[in-house]
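The values are calculated or read from the model by the stated rules, or taken from the named source; none is laboratory data. What you see is a predicted model; the values in this text were computed from it and never measured. Every residue, glycine as well, gets a Cβ built from its backbone with ideal geometry; the counts of neighbours run over all protein chains shown.
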């Protein structure tokens, strides 16, 4: 080994130590600052609760912001103090908050505290930690109503709680936390009329954005994956692998509503993949049939879950937020009513 190589290796080794240290310092500083904001919020809450008048509370924040800004400069606006207050209201137990701020930045926490539904908030926390979302991506996920579009949101509350606890404690990921309905493919730029081939080609051109919509743990393996059964060739539109689920994921692209025949086709693909493509340590392959529309009763009667098949709509043009919200909430209500009927 030459002296030059030794010098280079020494430099790389020390550089890694410095970078690791900087990361630890950043995490430590972030955690300390987040806890400071919690303590400030706790002091404000105690003061305001003693009076119990809304106007008094507003005046407290206004006066405090002015004095802190005079003393310490920018960064102590009324809005920032309100963040501190909401943080304590959302996470009243300091120990729980301390654990959280060791994993997420203050910028992430500011997004979380305004999610009022407990299960939805916990979903975003766990998925953010799991997929290491940046603040920008985190905001986009909330804006795109990821929770409502995730299959887990259509389950009973106790089931959701159990799945999130399992994810938090054991890092065990239920497929229902991974797959969504609908998928937003507005980035494909498709015309009003298009073929399945156009759809597939557009996805491949925008593969990175497609994977972002699918989820960060998806890895692209092949398009038009050829499989031969009894001297007949079949083609799987898109083949992916999900790292945490440890499963191959076959995706079939369809124009129009879901049809019963699609189930048999996907089952054939999955059984072939299970027999010939799955390696030791992997779980059973999963099928995802993407349709531009679907009839929920058809999907329910086909009992696709037993075959490890999921069906979801895709939208190439986004409706208004109001229409989308109504659509998703209606789907969740239908699912909950069916669950209650079975009890």
>> Let me confirm something: among 234, 241, 183, which residue is closer than 21 Å to residue 324 by Cβ and touching a strand residue (DSSP E or B) at 6+ places or on another chain (Cβ under 7 Å)?
In response: 183
>> Filter the range 139-189 down to the residues that are loosely packed, with under 14 Cβ neighbours inside 10 Å and either assigned by TED's automatic domain parsing to the domain that holds residue 96 or in a loop (DSSP other than H, G, I, E, B) (or both) and list them by number.
In response: 156, 171, 172, 189
> Can you name the residue in the range 296-311 that is over 10 Å from residue 263 (Cβ atoms) and in contact with a strand residue (DSSP E or B) (Cβ under 6 Å, 6 or more places away or on another chain) and is also surrounded by the fewest Cβ atoms within 10 Å (Cβ to Cβ) among such residues?
Replying inline: 308
> How many residues, within the range 257-278, are over 27 Å from the mean Cα position of the chain (by Cα) and not in a helix (DSSP H, G or I)?
Replying inline: 2
> Name the residues in the range 81-93 that are touching a residue at least 40 places away in the same chain (Cβ under 8 Å) and closer than 12 Å to residue 37 by Cβ, would you?
Replying inline: 81, 83, 84, 85, 86, 87, 88, 91
>> more than 20 Å from residue 294 (Cβ to Cβ) and in a loop (DSSP other than H, G, I, E, B): which single residue out of 211, 115 fits that description?
In response: 115
> Given (1) modelled with pLDDT of 95 or more; (2) in contact with a strand residue (DSSP E or B) (Cβ under 6 Å, 6 or more places away or on another chain), where does residue 271 come up short, assuming only one miss?
Replying inline: (2)
> Which one of these does residue 194 not meet: (1) in contact with a helix residue (DSSP H, G or I) (Cβ under 6 Å, 6 or more places away or on another chain); (2) closer than 16 Å to residue 314 by Cβ; (3) not in a helix (DSSP H, G or I)?
Replying inline: (1)
>> Pairs please, first residue from the range 144-169 and on the phi > 0 side of the Ramachandran plot, second anywhere and surrounded by 14 or more Cβ atoms within 10 Å (Cβ to Cβ), Cβ atoms under 9 Å, 6+ apart in sequence or on different chains.
In response: 145/324; 145/328
> Out of (1) part of a loop (DSSP other than H, G, I, E, B); (2) touching a strand residue (DSSP E or B) at 6+ places or on another chain (Cβ under 8 Å); (3) within 19 Å of residue 314 (Cβ to Cβ), the odd one out for residue 200 is which?
Replying inline: (1)
> Do we have residue 110 as outside any loop (DSSP other than H, G, I, E, B) and out of contact with any helix residue (DSSP H, G or I) (no Cβ under 9 Å at 6 or more places or on another chain) here?
Replying inline: no
> For the range 214-231, how many residues are surrounded by 16 or more Cβ atoms within 10 Å (Cβ to Cβ), in contact with a strand residue (DSSP E or B) (Cβ under 7 Å, 6 or more places away or on another chain) and at positive phi?
Replying inline: 0
> Regarding residue 111, is this residue under 20 Å from the mean Cα position of the chain (by Cα), touching a residue at least 40 places away in the same chain (Cβ under 8 Å) and not assigned by TED's automatic domain parsing to the domain that holds residue 209?
Replying inline: no
> Out of all the residues in the range 232-256, which are closer than 11 Å to residue 290 by Cα and surrounded by fewer than 13 Cβ atoms within 10 Å (Cβ to Cβ)?
Replying inline: 256
